[in-house]
Amino acid sequence: MSSSYRIAVIGGTGPQGKGLGYRFARHGHTVVLGSRSAEKAEPVAQEVTERLAGLEGAGQVTGASNADAVAAADVVLLAVPWDGHDELVATLDLAGKTVISCVNPLAFDKRGAHGRVIDEGEGSAAEHAQSLAPEATVVGAFHNVSAVHLWGEHDYLDEDVLVVGDVVEAKQVAQDLAVAVTSRRGVDAGKLRLARVLEPLTAVLISVNRKYKVNSGIRLSGLEDVER
């Protein structure tokens, strides 16, 4: 691992946030699970800590309020529902932070999951976060990894993490963190506006999962011999 980060997971008590926090800590990063109250975050942090017991090199996991989690971190992961997203992000002091959004604005009806249309097709959750926190650097990543697999027993997920953003250095942080999940650096997939594609793509995976009773992911071919 090239760098060790102190990561605040906002939405750390939910399945995706808890699972990613576990994976990051499993590979030596320090993780603070954030919630609206420390009292809600602390027992989840204890659950993750117990899961890591006896694992050599694991990082510390604690729970805190969202504000305290952000203050103690250099990287902030947003793993919160789209409903209420803007109101929550607006309350966070994200200036100077690298912010990774894995928020998927989805909706469900009788035909299944589908992506919500954000800003008439010209926006995404990640772009909203960037507009709400202009002094932060926002990238999109980890949208399409299964929470079930993140909390599973296997060492790594056999898939790729696609990373989008407008600042190369910030994308490299997310690419580094992907190693903790897949054993491979994340894939630089382009500019932040492409979060408009990655976020609703999760609805496709949900449809596949429902059809075949699996927890599917994304793996790109043709990258085996290139440096990421």
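Here the range 29-43 is the region considered, the condition is being out of contact with any helix residue (DSSP H, G or I) (no Cβ under 8 Å at 6 or more places or on another chain) and in contact (Cβ under 8 Å) with a residue 24 or more places away in the chain, and the residue that is farthest from Val80 (Cα to Cα) is Thr30. Mind telling me which of the residues Leu52, Leu78, Leu88 ends up being modelled with pLDDT of 95 or more and either touching a Ser or Thr at 6+ places or on another chain (Cβ under 9 Å) or among the small types (Gly, Ala, Ser) (or both)? Criteria check complete, one pass: Leu78. Out of Thr182, Thr202, one residue alone is in contact with a strand residue (DSSP E or B) (Cβ under 9 Å, 6 or more places away or on another chain) and under 21 Å from Lys18 (Cα atoms). It is Thr202. Of all residues in the range 50-82, those being over 18 Å from Ala95 (Cβ atoms), surrounded by 15 or more Cβ atoms within 10 Å (Cβ to Cβ) and of a type in the set (D, E, K, R) number 1. Restrict the check to the range 44-58 and report whether at least one residue is in contact (Cβ under 8 Å) with a residue 40 or more places away in the chain and assigned to a loop (DSSP other than H, G, I, E, B). Checked the range 44-58: no residue is in contact (Cβ under 8 Å) with a residue 40 or more places away in the chain and assigned to a loop (DSSP other than H, G, I, E, B). Can you confirm whether Ser37 is closer than 19 Å to Lys97 by Cα and among the hydroxyl-bearing types (Ser, Thr, Tyr)? It is false that Ser37 is closer than 19 Å to Lys97 by Cα and among the hydroxyl-bearing types (Ser, Thr, Tyr). Within the range 108-135, take every residue that is free of Cβ contacts under 8 Å to residues at least 60 places away in the same chain and under 19 Å from the mean Cα position of the chain (by Cα) and give me the one that is surrounded by the most Cβ atoms within 10 Å (Cβ to Cβ). Residue satisfying both the conditions and the ranking: Ala129. Applying the condition of being among the hydroxyl-bearing types (Ser, Thr, Tyr) and in a helix (DSSP H, G or I) to the range 170-216 and asking which residue is nearest to Arg228 (Cα to Cα) yields Thr182. In the set (1) crowded, with 24+ Cβ neighbours inside 10 Å; (2) part of a helix (DSSP H, G or I), Val138 fails one condition alone, (2).
The values are calculated or read from the model by the stated rules, or taken from the named source; none is laboratory data. Just so you know, these numbers come straight off a predicted model, no measurement behind them. We place every Cβ from the backbone using ideal geometry, glycine too, and count neighbours over all the protein chains shown.
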